[in-house]
1. Considering the dipole of the range 171-303 built from charges on the beta carbon (Lys and Arg +1, Asp and Glu -1) around the Cα centre, which of Val271, Val176, Val299 is farthest to its positive end?
2. Note the full-extension length gain between Ile610 and Lys714 as 0.36 nm times their separation in residues minus their Cα-Cα distance, in nm to one decimal.
3. Skipping prolines and chain starts, which residues have an amide H placed within reach, meaning under 5 Å, of the one on Lys184, given they are 5 or more residues away or on another chain?
4. Normalised by the empirical 2.2 N^0.38 Å for globular proteins, what value does the Cα Rg of the range 217-277 take?
5. Working out 0.36 nm times the residue gap between Lys63 and Val26, then minus their Cα-Cα distance, what length gain in nm do you get to one decimal?
6. Of the lysine pairs in the range 26-152, how many meet both conditions: Cα atoms under 26 Å apart, and a spacing of 8 or more in sequence or different chains?
7. Given C-alpha coordinates of the range 615-727, what is the ratio Rg to Rh with the Kirkwood estimate of Rh?
8. Out of all DSSP beta bridges with both ends in the range 26-152, state the antiparallel percent to the nearest 5.
Amino acid sequence: MVLLLALLALADPQVKFGKPDKPAVVIAAVTPGSPEAKPGQIFSATFELEIPETWHIYPFERKSEAGRPPLFRLEGAEIAGPVEQPPAKIHKDKVLGTYEILEGRITVRIPLRLPALAKPGTVEVKGVLDYQICDSNLCVDNETPFSFRITVVQDGTGSPSPPKAPPRASVKVDSVRPDRTDVKVGETFKATFELSMTPEWHIYPADRKQVTGLPTDFIFEGAERLGRVDQPKGISYKEEGVGEYEFFEGKVLMTVPLRLKEGAKPGPFEVKGLVTYQICQKEGLCIGGKTPFSFGVTVLEGKVTPAVPDDGSFAEYGLGGLILLGMVGGLISLVMPCTYPMIPITLTYFVKQAAGSRRHGLLLSSLYSLGIILTFTGLGIAMSIILGPGGARIFAANPWVNIVVASMFLWFAGSLFGWYEIRLPGALGQLAGGGQKKGVGGAFILGLLFAVVTFTCTIPIAGVILTYAAGQHRFAALLAMIAYSVTMALPFFLMGLFPGLIKEVPKGGGWLNRVKVSMAFVEVALAAFYYSKADRTWELGFLNRWVILGVYVAACAVVALYLLDFLRARPTGARAAAAAAFLGLGAFFAYGFAAKSLGTVEAIVPPPPIHSTTLPLALAEAKKEGKPLFAEFTGVNCSNCQANRGTLLVDPAVTGLLKKYVVGELYTDRQNRMDQENNSLLNEKFGAALPLYVLFTPEGREVARVGGRPSVDKFVEFLMKGLEAASAQGNRPLNP
């Protein structure tokens, strides 16, 4: 039966086998702007294009990472300028990210020029529209032929008239007003641009990705942008089938924060640049453009160390804003990876020492909080002033500091094992309070240890404040840092206000002793990790990833066996559950032996073998391959960097986009020449926070930067900026 049906189908000419016909763009009409033209004269031709439903093509003359842009190929005329096209629609894809498409019925207009030797009479201009057309599943290449007629005429003398370009829409820079004209290298200032557009045309806001239209941008020579453009709210417009977006028409003021780059010599200095934009008509036609500008400033003697790597200036925050930033930063820092190990250790110590006394519990929490505040505020400010904006980070990554921290962990472990009692020395012990000095020395020192240990995680947040301490606003930075450290210490201080939570704790033996001993083993494992940080800085290779994972697995196994009494007694339900949790944790660490990512836990595990480079080498590789550069400023001792590597940088949406970049890993905290060069660049040009990610075009122009621990969505949007900048026309550096 099947064979019979197949034979009947072959006999029926209406049945077609193989691939269906390709989807095609229909050219519904081609209309010359004028029925006649002279040899060499520029004229326009308008094309009405119909794209099949559910299919799309890509914008003209705009490289896209998703597909090939369409192009016109002609006989009898040549293209004389950019294609005018409607605003593209923004499309989001889980794999490819965000890109632009054209769909439905659209109108495009192209400027054409007849050959200078064209003979009078009617001529036929032929050509094809060559394009890639796609739907949600596949893309195919196709082309659609077209032709139209135009009459070639001569002027009265019989000679060709000179070519005349059709009127072009553009953006004019009417004025540029810097907020001050005397500036130092590295000092932040602002420039206000007054822009005016051709009547009945509009542009799109800067720094605002919308459902359609390319954002306006500013490119500088001799200076660099520091943050978002200050601009008014645009005209809101809702277009059917596209969505709601904003645009500017007529005149608009945009204020750009910037600073002078290295190399500007004292005296008069001209800042040059380009405003890049997409300018559109309400009828839907758009063209890309760029307008040059320049303005003068006087460069003063001296140099200001860059304060905030992205869009920070004291004028933007103000004193109240900086203090609020410190409080919010303190709350965020409490959930950073480095703080996790310290919380159970702190709780265990408080439970052991408070013994249900309101006065003693309050004394312990007060001294613990004081240790945090003094360390974060005093040491952070001092290091920033002495060593510059990256001082606290440099201190936290110092191998001798990490050896001291590791040794203190071992010291506290001995106390939890019950081998000795930690007390405050001398006069400090007298100030702590008469006869109830038990445990107060440990509480104060534990607060100091908490601050030092968590520096590597919290400095990317506190660094925004500490950079001001190295500059002009030290008093404001001091107040903000106090707010930051008080917020960090507040939860632990509140423990002293609620002694009822620990009154019922047995005063000795039992489960409390098991918790203490279990935490002591945990502290021994953490001591090994901090010793490994010094090992990494010196590049010794003894305490590598596999050794520390082995220590963690062994510590978890020992704690589990201890909680189970080495199987000599039947454990309670709570002890059995805790033992099972440690065994599960040990199995999780063992998973890392298979070279698998451990997610956020990567923050407390040494990184696998690394491949470091420098920015000049990475930029040279990007230029050679014709790809944008993803520069990752990181460190072997940066916990947030490693946490991002275990979460953010292995997310499928991120890895898919990173394949389109040259990736440069710029390590900053070891003692070799390459890391020191990267560290100097990080401090002097970009600020001091780790991790920091910077995007460059293949020609070396910086596009965007982001630091800390951004969300996947924000990071994908960040990576798309680099791909868009690398593919946009006219977006090349002024001094490559």
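A short reminder: the numbers here are calculations on the coordinates, not readings from a lab. Just so it is clear, the structure is predicted and the values come from calculations on it, not from any experiment. In this analysis, Cβ positions are derived from the backbone assuming ideal geometry, glycine residues included, and neighbour counts consider all displayed protein chains.
1. Of the options given, the answer is Val299.
2. On the way: separation 104, 0.36 × 104 = 37.44 nm, distance 2.59 nm.
My answer for the length gained is 34.9 nm.
3. Amide H neighbours of Lys184, under 5 Å, 5+ apart: Leu300.
4. Values: Rg = 16.3 Å, N = 61, 2.2 N^0.38 = 10.5 Å.
For the range 217-277, the normalised Cα radius of gyration comes out at 1.55.
5. Details: separation 37, 0.36 × 37 = 13.32 nm, distance 2.26 nm.
Additional length available on full extension: 11.1 nm.
6. Working: Lys38/Lys119; Lys38/Lys126; Lys63/Lys89; Lys63/Lys92; Lys63/Lys94; Lys63/Lys126.
Value for the range 26-152: 6.
7. Numbers: Rg = 13.2 Å, Rh = 14.0 Å.
Rg divided by Rh gives 0.94.
8. Details: 44 of 46 bridges.
Given both bridge residues lie in the range 26-152, the antiparallel proportion sits at roughly 95 percent.
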